[in-house]
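**Q** This is the structure I want to talk about, given as structure tokens.
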Amino acid sequence: MRFAYAQAFLKGLASLAPSHARRLLRAVEKFEAGWEVDHFPTGAGLTHLRGSFFEFRVDARRRVVFERHGDEVRYLLYGSHDEIRRFLKRF
């Protein structure tokens, strides 16, 4: 599995406080490790949103939206439930 980052995701990551950025990167590492063993913890909250869009939980308030195409996962957005809903309305 290959992992890629959309520019908007990287821009959002750069604007985070260091503690939030560390939390996000730990969640991404755990998510990627799940692909290695083909098992995701139930607490990860892996959810199919629609089409090729999925999300997983970083914490109780924040999630990561990603898109899967073949053997590539592209991280698109880190945000709240409402931010993700607004994002999905564009597609």
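**Q** Quick one: of the DSSP bridges fully inside the chain, what percent are antiparallel, nearest 5?
**A** On the way: 15 of 19 bridges.
Within the chain, antiparallel bridges account for around 80 percent of the total.
**Q** Using bins 10 angstrom wide from zero, how does P(r) for the chain break down, in % of all Cα pairs?
**A** 16, 56, 27, 1
**Q** Further question: With labels modelled as points extended 7 Å from the Cα through the Cβ direction, what inter-label distance (nm, one decimal) is found for ARG23 paired with LEU10?
**A** It is 2.5 nm.
**Q** Next question. For the range 2-89, what is the charge dipole size about the Cα centre, in debye to the nearest 20, if Lys and Arg each add +1 at the Cβ and Asp and Glu each add -1 at the Cβ?
**A** It comes to approximately 420 debye.
**Q** Among PHE56, GLY70, GLY12, whose Cα projects farthest towards the positive end of the dipole of the chain, with charges put on the beta-carbon of Lys, Arg (+1) and Asp, Glu (-1)?
**A** GLY12
**Q** Using a 10 angstrom Cβ neighbour count of at most 12 plus a DSSP loop assignment to flag exposed trypsin sites (Lys or Arg not before Pro), which longest range of the chain is free of such sites? Intermediate results must be reported in sequence, preceding the final value.
**A** Values: sites that count: ARG61, ARG90.
Longest stretch, sites excluded: 1-60.
**Q** Same structure again: Subtract the Cα-Cα distance of GLU32 and HIS69 from 0.36 nm times their separation in residues, and report this length gain in nm to one decimal.
**A** Details: separation 37, 0.36 × 37 = 13.32 nm, distance 1.53 nm.
Length difference between fully extended and current span is 11.8 nm.
Taken together, the values in this text are just the output of simple stated rules run on the coordinates, not laboratory data. Since we're looking at a predicted model, the values are computed, not measured. Neighbour counts run over all protein chains shown; Cβ positions are idealised from the backbone, glycine included.
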